[in-house]
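To keep things clear, I will list the structure first and then write my remarks on it.
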Amino acid sequence: GQQLNQSPQSMFIQEGEDVSMNCTSSSIFNTWLWYKQEPGEGPVLLIALYKAGELTSNGRLTAQFGITRKDSFLNISASIPSDVGIYFCAGHRDDKIIFGKGTRLHILP
Amino acid sequence: NAGVMQNPRHLVRRRGQEARLRCSPVKGHSHVYWYRQLPEEGLKFMVYLQKENIIDESGMPKERFSAEFPKEGPSILRIQQVVRGDSAAYFCASSHRQGNTEAFFGQGTRLTVV
């Protein structure tokens with residue numbers, strides 16, 4: 001089946017550091033999505049990428065849709081405590097959104 | 001989570017009982033998706049419904065699970081004769097058109113089977 005490989009699985013960083021995480025797939029997706037999930041909540045859409053090569057920013061977040069349409073990365077600049085959570089990449093195809101297993105971001109004081 | 005309402009937030013059932021999970025989509029949205037999330041895992045697609053139609057149920061177990069989205073009222077995910085392995089968080093998302101990637105998720109129903 002369709003699988004998304006997300007890395008790293010978890011990250012421990014100092015407040016103020018930049019963060020980078022990525023997602024790869026053996027399948028092509030029409031759209032790449034990045035979500036954040038906080039404990040006890042549903043995922044919240046952060047960034048949607050629609051075109052291969054597209055680079056999109058949302059505040060301190062920047063994401064790119066890979067040229068091959070099989071990968072994407074998410075960067076968070078100057079991390080703050082409220083960035084803690086699980087970040088999921090997701091690919092959209094055939095009316096389904098397929099999720100990766102998530103990157104758990106921990107911020108050290 | 002722009003307006004997708006799921007209830008109950010937490011549901012405890014004994015093995016063999018039925019679980020009914022409800023999802024009211026964002027007003028005006030006619031497309032609903034159900035996902036299941038196990039601890040430490042991503043969300044796994046279960047079923048995609050439009051009003052009165054099941055479009056894709058390829059991720060839903062063939063037995064004991066069913067879903068509906070009637071013309072009036074919320075979408076319902078029903079699990080009959082629950083087993084411990086059904087314990088998970090179940091999320092619903094809605095969108096206003098087919099293929100719209102900007103689906104909004106509810107806060108989920110956490111089902112615990114004891």
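From the phi of every residue in region B:56-64, what ³J(HN,Hα) in whole Hz does the Karplus formula 6.51 cos²θ - 1.76 cosθ + 1.60 yield, where θ is phi - 60° and glycine or proline is x?
3J(HN,Hα) across region B:56-64, in whole Hz: 8, 10, 5, x, 9, x, 5, 10, 6.
Please work out whether the protein assembly as shown counts as rounded, prolate or oblate from its C-alpha gyration tensor, where a ≥ b ≥ c are the square roots of the eigenvalues and a/c under 1.5 means rounded, while otherwise a/b larger than b/c means prolate and anything else oblate?
prolate
Let me confirm the definition first: pairs of Lys residues in the protein assembly as shown, 8 or more apart or on different chains, C-alpha distance under 18 Å. How many are there?
Lysine pairs, 8 or more places apart or on different chains, close enough: 13.
Mind listing the long-range amide H neighbours of B:Ile55? Cut-off is under 5 Å, sequence gap 5 or more, other chains count too, H placed in the peptide plane at 1.01 Å from N.
B:Tyr48, B:Leu49, B:Gln50
Under 8 Å for C-alpha pairs, at least 6 residues apart: give me the relative contact order for chain A, rounded to a whole percent.
38 percent.
How far apart, in nm, are the 7 Å Cα→Cβ label points at A:Ala78 and B:Thr112?
For the pair A:Ala78/B:Thr112, the computed spacing is 4.2 nm.
Report, by chain and number, residues whose modeled amide H sits under 5 Å from the one on B:Thr112, excluding near sequence neighbours (fewer than 5 apart, same chain).
B:Leu11, B:Val12, B:Arg13
Starting at the first residue of region B:67-74, write each ³J(HN,Hα) from the Karplus equation 6.51 cos²θ - 1.76 cosθ + 1.60 with θ = phi - 60°, in whole Hz, x for Gly and Pro.
9, 8, 9, x, 4, 10, x, x
Would you mind finding the longest exposed-site-free stretch of chain B, with exposed trypsin sites (Lys or Arg not before Pro) meaning DSSP loop and at most 15 other Cβ atoms within 10 Å?
Here the longest run is B:72-96.
What longest region of chain A stays clear of trypsin sites (Lys or Arg not before Pro) that DSSP places outside H, G, I, E and B and that have at most 15 other Cβ atoms within 10 Å?
In short, A:1-50.
Would you pull out the residues with amide H under 5 Å of A:Ser27's amide H, same chain only if 5 or more places away, H placed 1.01 Å from N?
Sorted by chain and number, the residues that satisfy this are A:Gln3.
Applying 1/(1 + (r/R0)^6) with R0 = 22 Å to the Cβ-Cβ distance of B:Ser87 and A:Arg104, what FRET efficiency is obtained, to the nearest 0.05?
According to the calculation, E is roughly 0.60.
Can you work out the Karplus-derived ³J(HN,Hα) for every residue in region B:80-89? Use 6.51 cos²θ - 1.76 cosθ + 1.60 with θ = phi - 60°, whole Hz, and x for glycine or proline.
Here the 3J(HN,Hα) series is 8, 6, 4, 10, 4, x, 7, 4, 5, 9 Hz.
Just check chain B against the gyration tensor rule for me: Cα atoms, a ≥ b ≥ c as the square roots of the eigenvalues, rounded for a/c under 1.5, and otherwise prolate or oblate depending on whether a/b exceeds b/c.
prolate
Arranged by the count of other C-beta atoms within 10 angstrom, fewest first, what order do A:Ile107, B:Ile79 take?
Neighbour counts put them in this order, fewest first: A:Ile107, B:Ile79.
Relative contact order, percent, of region B:41-114 when contacts are C-alpha pairs under 8 Å separated by at least 6 residues?
After rounding, I find 21 percent.
Read-outs: derived from the displayed coordinates by stated rules, not from any lab. Predicted, not measured: the structure shown is a model, and the values here were computed from it. Every residue, glycine as well, gets a Cβ built from its backbone with ideal geometry; the counts of neighbours run over all protein chains shown.
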